[in-house]
1. For residue 15 and residue 351, what is the calculated FRET efficiency with R₀ set at 22 Å and r taken between the beta-carbons, to the nearest 0.05?
2. Could you tell me what percent of the DSSP beta bridges with both partners in the range 121-249 are antiparallel, to the nearest 5?
3. Could you give each residue of the range 205-218 its phi-based ³J(HN,Hα) in whole Hz, using Karplus coefficients 6.51, -1.76, 1.60 with θ = phi - 60°, and x for Gly or Pro?
4. For the chain, give the share of DSSP beta bridges that are antiparallel, in percent and rounded to the nearest 5; count only bridges with both residues there.
5. Please go through the residue pairs 99/219; 182/271; 51/219; 51/182 and name each one whose alpha carbons sit more than 32 Å apart in this structure.
6. Once phi is turned into ³J(HN,Hα) by the Karplus curve 6.51 cos²θ - 1.76 cosθ + 1.60 with θ = phi - 60°, what whole-Hz value does each residue of the range 89-94 show in order, with x for glycine and proline?
7. What is the local net charge at residue 167, summed over the other residues whose Cβ is closer than 12 Å to its Cβ (Lys, Arg +1; Asp, Glu -1)?
8. Tell me the mean residue ellipticity at 222 nm calculated for the chain from its helices only (DSSP H runs of n ≥ 4, each -39500 (n - 2.57), averaged over every residue, nearest 500).
Amino acid sequence: MSDRTVGVGMIGYAFMGRVHSQAWRSVAAFFDVPVIPRMRVISGRSREATKAAAEQMGWEEAVTDWREVIGRPDVDIVDICTPGDTHAEIAIAALRAGKHVICEKPLANTVAEAEAMVQAAASATGRSMVAFNYRRVPAVALARDLVAQGRLGEIRHVRAQYLQDWIVDPEFPLVWRLQKDKAGSGALGDIGAHIIDAAEFISGQLITGVSALTETFIKERPLSEGSSGLAAAGGSGRGTVTVDDAALFTARLSGGAVGSFEATRFATGRKNAMRIELNGSLGSLAFDFESMNELWFSEGGKGFERILVTEPDHPYVGAWWPPGHGLGYEHTFTHEIRDFLEAIGQGTDPTPSFADGLRVQRVLAAVEQSAADGSRFTTVEDT
Ligand code: SOE
């Protein structure tokens, strides 16, 4: 076996686990990575279901206790794909055991947990990364490059939305993403976190303060009897929704831009519309994940023109298909794993780091605080 092999253990195997598995399986087939992942083991609560998932997704073994994964000498990388309430405990234990850790977003359910994770990462030998996969959409990476090259000039507006509609039906069950003790917050942390990260990543500016409101439209739902991906079956009995259905906020950014942000699961007809537009003194750009192979760009006083982001010199694209053939959701995770392995191989710190995840967590906290205070402007560092 190659001495470049690194053993991977994944905790959780639902929607995010499936898409991460696809990335672990495919990364070395498409990218020239310095270390080659071997999919050693996954853990989940039910023995039978975890075993079936391991077989289906290409993992060698299945266990029912995540501590077993962390304790194994043949596991070098721990991939955390569980709900947010378990991130801190697992990540800190894995880092203390000397593992590299990649953790799903948002980093944690609270600022205090995220701070503890950052502390553990700072004193660990392993590398750590939070999985904001949309940074790895080629068009999003290209957008950041254009801003960094100064093509937009001084950025004045950042306009970001993340629109979904999978819980519009009031009879959609009370899955874990609708429970504060499991998910930390609702649309805000689940999808708002992505646009906060994308806005900071593309603009190169940090959110310094927010003025927010949140809403929970459907306050009670049938209890959930099982879910797969974002689909779920309702059982008997009803429970209270303890998170926001929608979160909206305006923001100030460190470079002088002003921002508006909207995260909702009630945008009927919008399935995964992660959108961002930036307007600068020289030009603008606009992106919508539902057309993820396109970036719209305006400069020289002209209207927007489409860039088809499928050329070999566009970020990540050269590893895949000929121009015009396009990429999908799963590729963003392959790119994320590629960058993570690259950093591990080179002995550098991958981004976004746990510290970046903590920053997003502070913005989430500021949004919640501002919404609770009745939209008073809330400084991010005060949370
Ligand atoms: C559900 O809203 C979800 O699966 C998020 O949890 C993911 O982060 C996002 O990529 C797609 O939607």
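Values quoted throughout were computed directly from the atomic coordinates according to the rules given, and no laboratory measurement underlies them. Not measured: the values here are computed from a predicted model. Positions of Cβ are generated from backbone atoms using ideal geometry, with glycine treated the same way; all protein chains shown enter the neighbour counts.
1. Efficiency, from the Cβ-Cβ distance: 0.40.
2. Given both bridge residues lie in the range 121-249, the antiparallel proportion sits at roughly 90 percent.
3. Once θ is set to phi - 60°, the couplings for the range 205-218 become 10, 9, 6, 9, x, 9, 10, 9, 9, 10, 8, 10, 6, 10 Hz.
4. About 60 percent, rounded to the nearest 5.
5. Violating the 32 Å Cα-Cα cut-off are 99/219; 51/219.
6. For the range 89-94, the Karplus curve yields 4, 5, 5, 5, 4, 5 Hz.
7. Local charge sum for residue 167: -3.
8. It comes out at -9500 deg cm²/dmol, rounded to the nearest 500.
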